[in-house]
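Participant: Mind having a look at this structure? Questions to follow.
Each reported figure results from applying straightforward, stated rules to the coordinates on display, with no laboratory input. Computed from a predicted structure; not experimentally measured. Backbone-built Cβ (ideal geometry, glycine too); neighbour counts: all protein chains shown.
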Amino acid sequence: MPEDLGFTFIERNNEFQIFHHGKKATTLRGQKAADFRDEVESSDFAAQQQLMARLTGNYKHGNERQARNHPRNRRF
């Protein structure tokens, strides 16, 4: 089964609304909407989920391990 991150989207009047677990996360208009359409049409489900995660800012940034080891986050 493809990785489902909980993103969906709908297109209305040349705009794309992206939802994360049913709540609206962002709206794409203009050139961003056109780029999104092109990318979605040529991607599979998992790639679409990753794309929407990047566009909404809801993804891992790669520094989680560093943050875990920071002194203020260590437990005594």
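Participant: Considering only the stretch 18-45, state which residues are of a type outside the set (A, V, I, L, M, F, W, C) and in a strand (DSSP E or B).
Facilitator: 20, 23, 24, 26, 27
Participant: Now for a different question. For the stretch 1-26, how many residues are over 12 Å from residue 58 (Cα atoms) and of a type in the set (Gly, Ala, Ser)?
Facilitator: 1
Participant: Moving on to the next point. Here's a check for you: in the stretch 14-58, which residue that is of a type in the set (Gly, Ala, Ser) and surrounded by 15 or more Cβ atoms within 10 Å (Cβ to Cβ) is nearest to the chain's Cα centre (by Cα)?
Facilitator: The selected residue is 53.
Participant: Of everything in the stretch 18-59, what is in contact with a strand residue (DSSP E or B) (Cβ under 7 Å, 6 or more places away or on another chain) and aromatic (Phe, Trp, Tyr)? Give them in sequence order.
Facilitator: Scanning the stretch 18-59 gives 19, 36.
Participant: Quick one: how many residues across the stretch 23-53 are touching a residue at least 24 places away in the same chain (Cβ under 8 Å) and aliphatic (A, V, I, L, M)?
Facilitator: So the count comes out to 6.
Participant: Right, something else. Residues in the stretch 1-17 that are in a loop (DSSP other than H, G, I, E, B), in contact with a helix residue (DSSP H, G or I) (Cβ under 9 Å, 6 or more places away or on another chain) and of a type in the set (S, T, N, Q): how many?
Facilitator: Count: 1.
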